[in-house]
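Right, one structure below, let's go through it.
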Amino acid sequence: MRGKFITIEGTEGVGKTTNIEFIQSWMDTKKLSYSITREPGGTPLAEQIRELLLAPREESVSSTAELLLVFAARAQHLNQVIEPMLGEGAWVLCDRFTDATYAYQGAGRLMRDDLIRELELLVQGSLQPDLTLILDIPVQVGLARAGERSAPDRFEQEQVAFFDRVRNRYLQIAQDNPQRCIVIDASRSLEGVQAQIAEALESFWETV
């Protein structure tokens, strides 16, 4: 039986890392075979591309170059990790996937969706996550949290308007894909956030 593909999405500072650990614990209780990975990244080559994408630099980065790098990393990640794991029946939990590209490069960078869609079809064909949890929080709150964590990367240096567009696109994606996406109110207490996640996971488990 093919494994299940779960993705976690959200803007900066929504708490993906902490909640991925919670989901890992949930999968352990279900005695699942699984892999936890991230985008961009997940393989040595894709992690090198991630470093290129995130490193602050004086040179202006073309939006098209950024988009192509994102999908280059994704192509390697799918080929080396995601598809093999799913094919072996393991579950894959991924920190961001193609929804992030529509949010960050599409809405954030104001790139055309049809360009992203062409690359999506080329790189992943019909593959889509089985479940996507979108952690949602007001942009200013998330940026404040992210700022406490580490020095800002190239994306985190963007203006608030950029992240407003990203957040709104995520919410639009959830509205357009209610069978796959669940919005989690990440402004609640950690216990409140994880209660929402547990409910979503248990509902999904009932359909497996």
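The values are calculated or read from the model by the stated rules, or taken from the named source; none is laboratory data. Because the structure is predicted, anything quoted here is derived from the model rather than measured. When we count neighbours, we look across all protein chains shown, and the Cβ atoms used for this are built from the backbone with ideal geometry, even at glycine.
Worth pointing out:
- Hey, residue 7 modelled with pLDDT of 95 or more, in contact with a Pro (Cβ under 7 Å, 6 or more places away or on another chain) and surrounded by 13 or more Cβ atoms within 10 Å (Cβ to Cβ) or not: yes
- Looking across region 14-44, the residues that are in a loop (DSSP other than H, G, I, E, B) and either under 17 Å from the mean Cα position of the chain (by Cα) or farther than 25 Å from residue 185 by Cβ (or both) come down to 14, 15, 31, 32, 33, 39, 40, 41, 42, 43.
- Odd one out for residue 69 among (1) modelled with pLDDT of 95 or more; (2) loosely packed, with under 14 Cβ neighbours inside 10 Å; (3) part of a helix (DSSP H, G or I): (2)
- With respect to the conditions (1) assigned to a helix (DSSP H, G or I); (2) surrounded by fewer than 16 Cβ atoms within 10 Å (Cβ to Cβ), residue 163 falls short on a single one, namely (2).
- Condition met for residue 144 (in contact with a Cys (Cβ under 7 Å, 6 or more places away or on another chain) and either closer than 19 Å to residue 186 by Cβ or without any contact (Cβ under 8 Å) to a residue 12 or more places away in the chain (or both)): no
- Here region 128-146 is the region considered, the condition is being polar (S, T, N, Q) and either farther than 14 Å from residue 92 by Cβ or part of a strand (DSSP E or B) (or both), and the residue that is farthest from the chain's Cα centre (by Cα) is 140.
- Single residue of region 39-63 satisfying the filter (more than 18 Å from residue 93 (Cα to Cα) and touching a residue at least 40 places away in the same chain (Cβ under 8 Å)) that is surrounded by the most Cβ atoms within 10 Å (Cβ to Cβ): 53
- Filtered residue count, region 11-38, keeping only those that are of a type in the set (Gly, Ala, Ser), modelled with pLDDT of 95 or more and surrounded by 20 or more Cβ atoms within 10 Å (Cβ to Cβ): 0
A quick yes/no check of all residues on (1) over 23 Å from residue 57 (Cα atoms); (2) surrounded by fewer than 19 Cβ atoms within 10 Å (Cβ to Cβ); (3) of a type in the set (Ser, Thr, Tyr):
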site	(1), (2), (3)
99	yes, no, no
104	no, no, yes
107	no, no, no
140	yes, yes, no
159	no, yes, no
